[in-house]
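S.K.: Take this structure first; my questions come after.
Bear in mind these aren't lab numbers, they're just calculated from the coordinates by the rules spelled out. Note that the structure is predicted; figures quoted are calculated from it, not measured. Here the Cβ positions follow ideal geometry from the backbone for every residue, glycine too, while neighbour counts run over all protein chains shown.
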Amino acid sequence: MSSSNGARNGARGSVRRAWDTGTSLETARTLARRARRSPENLDPRAFGPLDSAMPQADFGSTLLFFVALVFSIVFHEVSHGWVADKHGDPTARMMGRLTLNPIPHIDPFGSIILPLILAFTPGNLMFGWAKPVPVDVRNLRNPRLDGIKVALAGPGSNLLLGTLSAIAYYASATFLGGDHALSRLFQAGVFVNAGLAVFNLLPVPPLDGSWLLDHTLRGEAYNAYRAFKPYGMLLIIGLLLFRPLSAIVIGIPFSFVVGIMDSIGRFATSFLT
């Protein structure tokens, strides 16, 4: 049954129940409107819990994922620079990087070529990066504490953006249907931002999680970490290629984060149905 047919049948059932019980016509119309919008009356293949399954890897979904990815990594980098600026380092602002215009942030390979290659490669792996926003920790008022804030700003911005996308997804799916392009874009925004947040919090150089180690480790632990730094990218590549390990290290926290975003999105839009 299609989404539209299910909604129409649900609406007719609401009117019929209201008529049989002697409910007023105005109440019947209200019930019908609610039935048309109710998520339970939409096709579950087109509309369902965000953590139920990843969107299908067709061309349209791939394009929407690409759009969501580019915007999200730009938002991520701008957040680093914005927090640094608020804590005394104007480097990003002076270099024109505190803008959501993607052009100053795009890395030709990491932002365009690699994501497109991965999008059409079996495995549903979506990965990319933007040019890092320049931050001079020497300008920060409290280099250690403010450095941690700057590091957390990127993943934190993705958690915020993903949560807002979940709310927008459920609102859009309620009124437009889960298979509408706008709903699918917001759905992609949830998955992309959850993935970026989890991935960037890994304590592996040059990811944001490694910034936390930079500003918290001391003594021999810091020396060992510095010796490991040059091999960080190799470890990241190995983690992405070795799927059983990435399913544990990235997949489990990713599902947890998406589940939280899903719950917030459902709760925030529950009054719409």
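S.K.: Efficiency by 1/(1 + (r/R0)^6): what FRET value for Phe242 and Leu160, r their Cβ-Cβ distance, R0 = 25 Å, to the nearest 0.05?
M.R.: According to the calculation, E is roughly 0.25.
S.K.: Among the trypsin sites (Lys or Arg not before Pro) in segment 125-204, which ones are in a DSSP loop with at most 11 other Cβ atoms within 10 Å of the Cβ? Mind listing them?
M.R.: Arg141
S.K.: While we're here: Give me the net charge of Lys131's neighbourhood, meaning all other residues with Cβ under 11 Å from the Cβ of Lys131; Lys, Arg count +1, Asp, Glu -1.
M.R.: Once all neighbours under 11 Å are counted, the net charge is -1.
S.K.: Between the DSSP loop rule and a limit of at most 15 other Cβ atoms within 10 Å, which chymotrypsin sites (Phe, Trp or Tyr not before Pro) in segment 173-273 are left?
M.R.: When the chymotrypsin sites (Phe, Trp or Tyr not before Pro) of segment 173-273 are filtered for loop state and at most 15 Cβ neighbours within 10 Å, Phe242 remain.
S.K.: Would you mind working out the magnitude of the charge dipole of segment 49-272 relative to its Cα centre, with +1 at each Lys and Arg C-beta and -1 at each Asp and Glu C-beta, to the nearest 20 Debye?
M.R.: In debye, rounded to 20, segment 49-272 gives about 440.
S.K.: Using the count of nearby Cβ atoms within 10 Å as a rough guide to exposure, how do His80, His87, His105 rank from fewest to most?
M.R.: Lowest count first: His87, His105, His80.
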